[in-house]
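Taking it in order: structure first as structure tokens, then the write-up.
The values are calculated or read from the model by the stated rules, or taken from the named source; none is laboratory data. This is a predicted model, so every value here is computed, not measured. Cβ coordinates were reconstructed from backbone atoms using ideal geometry, including for glycine residues, and neighbour counts include every protein chain displayed. These area figures cover heavy atoms from the full protein model, side chains too; ligands, DNA and RNA do not enter into them. Shrake-Rupley method; radii C 1.70, N 1.55, O 1.52, S 1.80 Å.
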Amino acid sequence: MYSCNSRRDLLVLLLSALIPYQSDAAFAFNKSVTCPLNIQRFATRASSTTSIASNEPFKNNILILDHLNINHEKGRHDLLKAFYFDFLKCAVDPRKEENLASGRNTLWANIGSNQFHLPEGKPEAQVFAGEITLAYKDIQPLLARVPEAERKLQGSKFQVTHSKNCNFLLVTDPWGTKFRIESKPGAVDTRGSQDGAPSEGLSMTDLTVYVNNDANFAGIARFYEVVFGAEVQVHESKSVKVQVGPFQTLTFKGCSAADHDIDIAHDDLIESEEGISNFGPHVSMYIADLRSSYKKADALGAIYVNPRFKRRAYTMNEAIDQCMFRCIDIVDPDEPAAGPIIKLEHEVRSVIKRDGSKYKSCPFYSIPEVCAKY
């Protein structure tokens, strides 16, 4: 039996009845869950998400946050190469290697099973309003490369802060985006890796997105539970952690623009004849059940098509054919009419194609058991 005490609870039941999950993952809508949704307090899983054995399936609808797309400064491949490939020792993805040789257009920088997609700005670089956490086996090689990186990146915003006896570095990229580099030898995703040579770094373990202090954090949590069937942790000090991999989180953290001297915005919308294009950063993630998440996003009016990209999904069938859809508005399922809490573009990908085979860009070696078949 379900007990419902709010409009959100009723919405959950209606969506649950209309769009049942097709896999055995422990999603928010299975029959064992009673309303209201189970938004967990922080640290209920934090200590248990540092690694996963290959024989222990990760049962969550969001399987991995595979890449962050952020623009670099046009014409400055030299800075891009010096930071991502020479200092961080990300691997050059062979699918974009020719662009490194030509010194223009998009590059992909790989770290384990994760990536940075780095298109050219128009012409400015984007400064991501948040913090990117990367895991390495050992931070000492990075420390040894700091003098050379400072020489190559002289005149930029590149900076490295390290306190003795600490196992992490605080790094600012040439344009101002913040990184946290941690020593975490076990943070290896055994489910797969990106194409090409191995990287020195192991994985992207967290992407922290800054939001205004007065944001509706409970609404953000409900969005990820309702639309994506994700496990969510709510911190009492105004932050939300969304589990997006066995040891990977997407964090929304409250702050003020004055705290970080940065514009707390994640969209750059430009209207054209084809529609409204977003040139802001976006995150890409693979999910186990694309069809059910599409239906839930569509029910909330959250489906978005970005004319900036060739792959576009205006309908459910097109989403299945393209193995993806996009959303940009994070809305509270309790109050969708209140509009977006924040705008952050998501490229939501399916591991599997309509014919049941694995999508070519998915970094997994094989299709996880939790994935729903079409």
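In whole angstrom, note down how far apart the Cα centers of the stretch 280-294 and the stretch 336-360 are.
Centre-to-centre distance over Cα atoms comes out at 2 Å.
Could you pull out every residue, at least 5 positions away or on a different chain, whose amide H is within less than 5 Å of the one on GLY192? Hs are placed 1.01 Å off N in the peptide plane, and Pro or chain starts have none.
Amide H neighbours of GLY192: TYR365.
With a 1.4 Å probe and all protein chains left in place, how much accessible area per residue does the stretch 255-374 have, in Å²?
45
Label 7 Å along Cα→Cβ of ASP321; the stretch 335-352 residues with amide nitrogen under 20 Å?
Taking a point 7 Å out along Cα→Cβ of ASP321, the residues of the stretch 335-352 whose backbone N falls under 20 Å are 348-352.
Taking H placed 1.01 Å from N in the peptide plane, check which residues at least 5 places from ILE352 or on another chain put their amide H under 5 Å from its amide H.
The answer is TYR359.
Where a ≥ b ≥ c are the square roots of the eigenvalues of the C-alpha gyration tensor, would you call the stretch 193-286 rounded, which needs a/c under 1.5, or, failing that, prolate if a/b is larger than b/c, or oblate? Mind dumping the intermediate values first?
On the way: a/c = 1.44, a/b = 1.07, b/c = 1.34.
Since a/c stays below 1.5, the shape of the stretch 193-286 is classed as rounded.
In sequence order, what are the phi-derived ³J(HN,Hα) couplings for the stretch 153-166 according to the Karplus relation 6.51 cos²θ - 1.76 cosθ + 1.60 with θ = phi - 60°, rounded to whole Hz, with x for glycine and proline?
9, 4, x, 9, 8, 4, 7, 10, 10, 9, 9, 4, 6, 9
Sequence-distant or interchain residues sharing an amide H contact under 5 Å with VAL244, placed H: which?
Answer set, sorted by chain and number: THR249, LEU250.
Could you check the spin-label model distance between ARG180 and SER357? Points 7 Å from the Cα along Cα→Cβ, value in nm.
So the two model labels end up 4.1 nm from each other.
Any idea of the accessible area per residue across the stretch 107-244, 1.4 Å probe, to the nearest Å²?
The answer is 39 Å² per residue.
A 21 angstrom limit on the alpha carbon distance is what I want to check against. Which of LYS74/LYS152; LYS122/LYS157; LYS241/LYS373; LYS96/LYS178; LYS81/LYS253; LYS157/LYS178 exceed it?
Beyond 21 Å between Cα atoms: LYS241/LYS373; LYS96/LYS178; LYS81/LYS253.
May I ask which residue of GLY196, PRO174, ASN216 lies farthest towards the positive end of the charge dipole of the stretch 156-224, with charges of +1 (Lys, Arg) and -1 (Asp, Glu) on Cβ and the Cα centre as origin?
Among GLY196, PRO174, ASN216, the one farthest towards the positive end of the dipole of the stretch 156-224 is ASN216.
Could you tell me what percent of the DSSP beta bridges with both partners in the stretch 118-263 are antiparallel, to the nearest 5?
Bridges in the stretch 118-263 that DSSP calls antiparallel: roughly 65 percent.
Could you please put CYS166, CYS371 in sequence from largest to smallest accessible area, using a 1.4 Å probe?
Numbers: CYS166 50, CYS371 10 Å².
Sorted descending by solvent-accessible area, the residues read CYS166, CYS371.
In what order, largest first, do THR106, THR208, THR161 sit by accessible area if the probe radius is 1.4 Å? Could the numbers behind the result be given before it?
On the way: THR106 35, THR208 15, THR161 65 Å².
Listed by decreasing accessible area, they come as THR161, THR106, THR208.
Mind listing the phi-derived Karplus ³J(HN,Hα) values for the stretch 223-230, rounded to whole Hz, using 6.51, -1.76 and 1.60 with θ = phi - 60°, and x for any glycine or proline?
Values, residue by residue: 4, 6, 6, 6, 7, 10, x, 8 Hz.
Residue by residue, what Karplus-based ³J(HN,Hα) values in Hz, rounded to whole numbers, does the stretch 128-145 have, using 6.51, -1.76 and 1.60 with θ = phi - 60° and x for Gly and Pro?
Working through the residues one at a time gives 6, 7, x, 8, 10, 9, 10, 9, 10, 5, 8, 8, 4, x, 5, 4, 5, 8 Hz.
May I ask you to list the residues of the stretch 355-370 whose amide nitrogen lies under 14 Å from a point 7 Å from Cα along the Cα→beta-carbon direction of SER102?
Taking a point 7 Å out along Cα→Cβ of SER102, no residue of the stretch 355-370 has its backbone N under 14 Å.
Heads up, I need the accessible area for LYS96: 1.4 angstrom probe, whole protein in place, Å², nearest 10.
Only protein atoms counted, so the area is about 60 Å².
Could you tell me which of rounded, prolate or oblate describes the stretch 57-143, using a ≥ b ≥ c as the square roots of the eigenvalues of the alpha-carbon gyration tensor, with rounded for a/c under 1.5 and, failing that, prolate when a/b is larger than b/c and oblate otherwise?
Since a/c reaches 1.5 and a/b is larger than b/c, the shape of the stretch 57-143 is classed as prolate.
For a quick protection proxy, order the peptides 240-252, 332-344, 64-76, 143-155 by their average other-Cβ count within 10 Å, most packed first.
In descending order of packing, they fall as 240-252, 64-76, 332-344, 143-155.
Just tell me which aspartates and glutamates come within less than 14 Å, Cα to Cα, of LYS238; anything on the same chain fewer than 8 places away is out.
Hits, sequence-local ones excluded: ASP214.
Nearest 5 is fine: what % of DSSP beta bridges in the stretch 182-315 come out antiparallel, could you say?
65
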